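Remarks on the structure that follows.
Nothing in this text is a laboratory measurement; each read-out follows from the coordinates by a stated rule. Here the structure is a predicted model, which means the values were calculated and not measured. Cβ atoms come from the backbone with ideal geometry, glycine included; neighbour counts cover every protein chain shown.
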Amino acid sequence: MFMAAAMVGCGNGGGGDDDGTAIDAAGGGDGAIPADYSLLIGRSWSLAAGASDTYRCVRLTLTEDTFITNIMAQAPQGTHHTVLSIVSNGVAGADGEYNCDVAELGTQMLYASGLGTSPLDFPTNVGLRLPAGTQIHLNLHLYNASDVALDGTSQIMVKRVTTAPPMLAEMVFAGRILFQIPVPNPAGTPYSTNGGCTTSQNFTLFAVWPHQHRLGTHHKFEVITGGVTTVLHDSAYSFTEQNYYLKSPEIQIPSGSQIRVTCTWVNTTGAAVRFGESSDNEMCFGGMYRYPASNAGLTQCTDVPGGIPG
């Protein structure tokens, strides 16, 4: 990684003593590409003062086989989050930039980032393979809470290798979609919910990515196998530091294991808050980076395995 690692303690509920290592964000927002990285996809944008929940997308068809072992996002102020995916029917179209909405995502996710997200280094012999002719899609969620106009360039940069890694990885979400955070009584009372799935395949987990929004205060990611609970991440949550937490050693997840993601918020808005893409809504996702890739769908490990409702 580019910056010094900060160790973040992970609790342990009966198995292993795995540590989660969060890597500080790198890359800045000035458009410069760090050494050993190259641009994969990106676009420029502008936001009027106070502009909320704006979406800008770009499609790109790759002209050569692309093998990726490291990914990082460059996200200047105004970038709420980025989602990189492979184009599928819902977002098919010509290459180029266009205005879009929250639902325009491919079903096979390659990478996601939020505020302060760290670079992601895959384990040795693990990576992504994007054959020539693959059309990729970048969805930028932009939000300008300031009283001045903003402009910038948000982009995804990668380290490439010349041959395909032996093991191909993917990112999927675990967590809950159908929830509502009530008005607390008394004021300041935390509210928690959880979601996840029972796994239907064996896989190796090498990174988790906690994702909530502004009201989030705590995030917990657990795996339950054979009655034994292993806590992979259990920490206070900060909307401005949405890091990947690398698991070393990597975690073997047998088929039939339960994945459980627990999110906690303190609702200070005075009204109930529902799930949604806006910074004024909330989410409860634990992104899982794993291998081998199964391509079974982005939200397969949630209460809505078929996708986020429109």
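Structure data summary
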| read-out | value |
| --- | --- |
| Within segment 255-295, considering residues that are within 17 Å of the chain's Cα centre (by Cα) and aliphatic (A, V, I, L, M), the one farthest from Asp121 (Cα to Cα) | Met283 |
| Elements of type strands (runs of 3 or more DSSP E) contained in segment 202-310, each with 2 or more residues being surrounded by fewer than 16 Cβ atoms within 10 Å (Cβ to Cβ) | 228-236, 245-253 |
| Residues being among the hydrophobic types (A, V, I, L, M, F, W, C) and farther than 23 Å from Ser278 by Cβ - total across segment 112-167 | 12 |
| Residue in segment 93-102 that is of a type in the set (Gly, Ala, Ser), within 17 Å of Leu120 (Cα to Cα) and not in a loop (DSSP other than H, G, I, E, B) present | no |
